[in-house]
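The values are calculated or read from the model by the stated rules, or taken from the named source; none is laboratory data. Because the structure is predicted, anything quoted here is derived from the model rather than measured. All Cβ positions, even for glycine, are placed from backbone atoms using ideal geometry, and neighbour counts span all protein chains on display. Heavy atoms of the whole protein, side chains included, go into the accessibility calculation; ligands, DNA and RNA do not. Shrake-Rupley method; radii C 1.70, N 1.55, O 1.52, S 1.80 Å.
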Number of protein chains: 2
Amino acid sequence: MSDRRTEILRAATRVITRRGVRGLRVGELAAEAGVSTSLIYYHFTDRAGILRQTLEFISDRADRYTAERDPGTPADSPRAELEQVLLLELQDTAEVRENSTAWGELRASAVFDPDLREELARATHTWVHEIAELLGRAHPAGTAPAHAASAERLTALLEGLSVRWLSGSLPLDHARRLLRDAIAAELQRT
Amino acid sequence: MSDRRTEILRAATRVITRRGVRGLRVGELAAEAGVSTSLIYYHFTDRAGILRQTLEFISDRADRYTAERDPGTPADSPRAELEQVLLLELQDTAEVRENSTAWGELRASAVFDPDLREELARATHTWVHEIAELLGRAHPAGTAPAHAASAERLTALLEGLSVRWLSGSLPLDHARRLLRDAIAAELQRT
DNA sequence: GTCTATAACGCGATAGAC
DNA sequence: GTCTATCGCGTTATAGAC
């Protein structure tokens, strides 16, 4: 599925990484994709449609790269898997930067746009739940509510560290170290 | 110092709380402040000047309300003071909402605007340092580098929880509970 | 310092040909 | 499906009077 529409969605992802959700200009997107502005409207109706479908495209892609991690890896310990999944989001690759940036923008936009909140809360809940399950396997001694709380703290910390990294307040390796230590601490809770 | 310029800066803070940094319109700011648009330009030159000076105003004010807490309070334990200072940021009052919202916007905008990064990194560093000092008094057994790392984790977590609260993904009392537990855990580190 | 009036422009969106 | 050309509005910014 690498048609024109998909090409435009990929271009939109790059523009959002560069300018933000609220900084995306239809004209700039057209130039980035190498098409006319009216073709954008033909495929996406209006600016809101561009954003909706691009954010959907990005979150599908994020699900995929979370699901597809370690295809043939010899299934390390659950703890290593947990570290791997969380630290995956703190890497300086184009794909991770794009996803983290777009995710942060979605979060920041939802503060002012109630329409985005429901979908955002749903995606957050899914993510927290997935981390809580990994915590359950890595730390069977703990209770389910304790794992849920740990997962909320770790994912919220990760979002906080991620935006500090992207906004230039925290070097990437330092952010990774802080997150690793926080994971270790959550696993040592009684 | 409650002149026209300061009134406009206060109005700008309210508009940013309502619309976001990138949603601020000079005309709306003028209406909010009860002045003409051209007076805005007289005082701040251009839109970028409005934003720069407003964000400076906000970070100064945040410093001040952190510094001025408990004027005559009977200096509880350092631990209680630490909790108080951090939990202060998770309250549903107009002032805290304004500061948290504007601070989150500053952070999110800096991802796309390198001009904001220096001031932001400076303010972040000041804040982390202040929390690290409180941790030192609340937990004298720990080392200075450990306190610095704890302060970075706690403040990054607080930012993460704050934006989840403001974006409707996390109820306020739940966010407060998660933060309190994280503070307790940082104080129990060996 | 502050206002009214307006210029200049960027940007979302559409018309219509191919 | 894709393009060129353009409209119309909202917004930034300025001119000039008081």
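Figures for the structure shown
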item: Estimated [θ] at 222 nm from DSSP helical runs (n ≥ 4, -39500 (n - 2.57)) normalised by residues in chain B, nearest 500; result: -24500 deg cm²/dmol
item: Other-copy label distances relative to B:GLN84, 7 angstrom Cα-Cβ extension, nm; result: 4.8
item: Carbon plus sulfur fraction of accessible area for the protein assembly as shown, probe 1.4 Å, in percent; result: 52
item: Helix B:117-138 vs. chain B, principal-axis angle (Cα, 0 to 90°, nearest 10); result: 30
item: Gap separating the Cα centres of the range B:6-21 and the range B:153-190, nearest whole Å; result: 26
item: Backbone HN-Hα couplings from phi across the range A:152-167 [Karplus 6.51/-1.76/1.60, Hz, Gly and Pro as x]; result: 5, 5, 5, 6, 5, 4, 4, 5, x, 5, 4, 6, 5, 4, 5, 9
item: Rg/Rh ratio calculated on Cα atoms of the range A:69-188 (Kirkwood radius); result: 0.97
item: Sequence-separation-based contact order of chain A, relative, with Cα cut under 8 Å and 6+ spacing, percent; result: 21
item: Nearest-first distances (nm) between copies at B:TYR65, label 7 Å from Cα via Cβ; result: 3.7
item: Dipole moment magnitude, nearest 20 debye, the protein assembly as shown about Cα centre, only Lys, Arg, Asp, Glu C-beta charged; result: 460
item: Residue-span extension gain [B:ASP76 to B:ASP63] - 0.36 nm each, minus C-alpha spacing; result: 2.6 nm
item: Chains B and A, summed buried accessible surface - 1.4 Å probe, Å², nearest 100; result: 3000
item: Across the identical copies, how the A:ARG25 labels are spaced - nm, sorted shortest first, 7 Å along Cα→Cβ; result: 1.9
item: Evaluated over the range A:1-54, the Cα radius of gyration and Dmax, each in Å; result: 9.7, 28
item: Candidates A:SER59, A:SER38, A:SER162, ranked by Gaussian network fluctuation over chain A, Cα under 10 Å, top entry; result: A:SER38
item: Those trypsin sites (Lys or Arg not before Pro) in the range B:56-151 that DSSP places in a loop and that have at most 13 other beta carbons within 10 Å; result: B:ARG69
item: Heavy-atom surface of the protein assembly as shown, accessible at 1.4 Å and reported per residue (Å²); result: 47
item: Estimated vicinal HN-Hα couplings, Hz - the range B:172-178 in sequence order (Karplus 6.51, -1.76, 1.60; Gly, Pro = x); result: 4, 5, 5, 4, 4, 5, 4
item: Evaluated over the protein assembly as shown, the Cα radius of gyration and Dmax, each in Å; result: 21.7, 68
